[in-house]
Amino acid sequence: TEAQLGELKRHLEGDSLDAKRERARVEKHQLELDRLGATLKQVEAYNEDMKGEIAVTRRAAYAAESHVQKLEREKMEQDLRIDAVQENIKVGEGGRPGHAR
């Protein structure tokens, strides 16, 4: 009985030590999991920020493209008007020798 009691105490102490080691291991893994969770949240926030930045950049690019197309149309219209004026000048000069404009 005394021997059995001593055996049970040793067994209990061994189990207690195993439990402490397991608890320490679980705490270590929980800390790592918490760190990974925090990192994941940061990455997700960064991704959301990037999506917003990309959307803003895309809208700016579309606006710039639209503006460039408008300028190109205006330049083409201006070129056509210049061509028409030059043609009128040639016709006017061809019909009246000696009269320069």
Options 2, 7, 32, 13; residue that is of a type outside the set (A, V, I, L, M, F, W, C) and at pLDDT 95 or above: 32
Some residue of the range 82-99 being in contact (Cβ under 8 Å) with a residue 12 or more places away in the chain and either touching a helix residue (DSSP H, G or I) at 6+ places or on another chain (Cβ under 6 Å) or assigned to a helix (DSSP H, G or I) (or both): yes
Among the residues listed as 81, 96, the single one being open to solvent by 100 Å² or more (accessible area, probe 1.4 Å) and modelled with pLDDT under 95: 96
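The values are calculated or read from the model by the stated rules, or taken from the named source; none is laboratory data. Since we're looking at a predicted model, the values are computed, not measured. Virtual Cβ from ideal backbone geometry, glycine too; neighbours counted across all protein chains shown. Surface areas here come from the heavy atoms of the whole protein model, side chains and all, with no ligands, DNA or RNA. Shrake-Rupley method; radii C 1.70, N 1.55, O 1.52, S 1.80 Å.
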